[in-house]
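These notes concern the structure reproduced below.
The values are calculated or read from the model by the stated rules, or taken from the named source; none is laboratory data. If you're wondering where the values come from, they're calculated on a predicted model, not measured in any experiment. Cβ coordinates were reconstructed from backbone atoms using ideal geometry, including for glycine residues, and neighbour counts include every protein chain displayed.
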């Protein structure tokens with residue numbers, strides 16, 4: 001349970017020694033930054049205000065800042081570990097090198113919540129914007145029972161299933177093609193959000209900011225906990241460690257670039273939205289940002305264009321988070337903690353096709369049948385736990401392997417990683433109680449998987465057993 005994988009072994013495996021095939025290094029700095037931005041912008045800002053604003057009021061702006069500070073502290077820790085251990089698997093691989101095998105397996109399950117569940121949450125909201133666009137453009141609306149989030153008037157979210165199917169097909173085709181498509185979509189979503197800020201500010205009323213913090217700091221903390229899942233893009237950057245050119249330089253740079261762009265966009269959009277509409281109107285509002293544009297201008301075309309941009313943006317986010325999940329399963333399969341099939345890579349496309357199909361199926365089922373609020377809180381829980389593990393891993397690796405080559409070092413060590421863990425713990429405390437029940441169930445599944453399969457098939461354990469000398473029978477006639 002406590003055996004740790006040497007960093008040298010992780011890096012050697014990333015060069016093709018272990019697993020059935022090798023991931024191809026085909027991603028540059030700007031494509032990698034686009035992966036980070038693409039996984040982040042769009043997860044929360046297009047739909048989370050309808051649930052976060054009623055919890056914090058206009059002070060939801062501070063909730064975004066609090067979440068961004070937590071993400072920023074953790075981003076610095078990710079940058080150091082990603083530059084020192086440039087492999088796939090993200091915080092799972094980092095935990096394996098610092099905290100041991102059992103913890104790494106648990107982190108793998110947390111990442112399943114972070115990526116797989118977040119992809120489902122994002123896909124659920126796609127149908128709402130698709131309905132808004134079709135209604136404004138063609139006067140047609142998909143029935144709510146077939147397009148609304150489960151538990152909120154919907155029974156089976158067909159648009160979410162279609163979205164996941166399209167993303168899965170693109171990822172099976174190859175990562176370089178997916179990265180190029182994602183980079184284009186990221187450009188579109190940034191333009192759309194900047195246009196929202198430009199138009200939205202024309203309807204800004206300072207009176208909407210009055211009663212700025214109706215629920216006090218506790219409301220700010222609760223809202224920050226709920227929206228934190230929208231910062232998972234920083235983690236998605238590190239999942240591409242084995243497919244990045246010059247990873248020791250490009251991984252930390254892409255993480256920092258992603259954080260800066262995302263934080264500026266989130267705060268600008270939140271300020272604009274709150275200033276343009278009384279905060280009480282956000283409660284339960286569908287496609288809120290598009291509706292704000294329609295109310296401000298009195299015309300449908302700005303809302304139509306924004307809804308179209310949201311459709312593209314949510315596609316991009318779903319693409320990146322499903323991509324990240326498949327790479328984590330690939331790493332776990334290569335380590336023997338999951339069946340070997342998860343470590344197979346297609347010789348034609350250089351992608352783990354089996355992983356992609358499994359993840360796509362699971363995400364589609366969750367999006368089709370599970371309510372949105374449960375999905376978002378589970379994502380926040382998995383993300384925060386994984387982030388805290390990374391920060392702890394920085395401290396451990398500095399002590400156990402101080403001479404390891406690092407392309408980036410956390411400034412203000414050890415204060416920054418300690419603060420990162422503290423902020424993560426604070427946000428975990430603000431999650432809804434039912435989330436802890438579901439998270440406890442996920443950990444039980446992790447324990448069953450590890451003790452039922454992983455601990456007996458671990459390649460690291462097998463290597464250790466082979467290196468032990470054979471026992472000698474005492475008193476043998478020989």
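Scanning segment 394-413 for residues that are assigned to a helix (DSSP H, G or I) and either free of Cβ contacts under 8 Å to residues at least 60 places away in the same chain or within 23 Å of residue 230 (Cβ to Cβ) (or both) yields 395, 398, 399.
Scanning segment 308-318 for residues that are surrounded by 20 or more Cβ atoms within 10 Å (Cβ to Cβ) and more than 21 Å from the chain's Cα centre (by Cα) turns up nothing.
Comparison of 359, 394, 389, 385 shows that the only residue that is touching a helix residue (DSSP H, G or I) at 6+ places or on another chain (Cβ under 8 Å) and under 16 Å from residue 162 (Cα atoms) is 359. Kindly evaluate residue 37 against the criterion of being within 19 Å of the chain's Cα centre (by Cα), assigned to a helix (DSSP H, G or I), at pLDDT 75 or above and surrounded by fewer than 24 Cβ atoms within 10 Å (Cβ to Cβ). The answer is no for residue 37. Within the set 274, 328, the sole residue that is within 30 Å of residue 104 (Cβ to Cβ), part of a helix (DSSP H, G or I) and modelled with pLDDT of 80 or more turns out to be 328.
The condition of being more than 30 Å from residue 159 (Cβ to Cβ) and under 22 Å from the mean Cα position of the chain (by Cα) holds for only one of 423, 369, 439, that being 423.
Among the residues of segment 342-351, is any at pLDDT 80 or above, over 13 Å from residue 123 (Cα atoms), part of a helix (DSSP H, G or I) and in contact with a helix residue (DSSP H, G or I) (Cβ under 8 Å, 6 or more places away or on another chain)? Within segment 342-351, one or more residues are at pLDDT 80 or above, over 13 Å from residue 123 (Cα atoms), part of a helix (DSSP H, G or I) and in contact with a helix residue (DSSP H, G or I) (Cβ under 8 Å, 6 or more places away or on another chain).
Filter segment 333-355 down to residues that are surrounded by 24 or more Cβ atoms within 10 Å (Cβ to Cβ) and within 21 Å of the chain's Cα centre (by Cα) and give me whichever is farthest from residue 458 (Cα to Cα). The residue in question is 351. Filter segment 277-290 down to residues that are touching a residue at least 60 places away in the same chain (Cβ under 8 Å) and not in a loop (DSSP other than H, G, I, E, B) and give me whichever is farthest from residue 50 (Cα to Cα). Applying the filter and picking the extreme gives 290.
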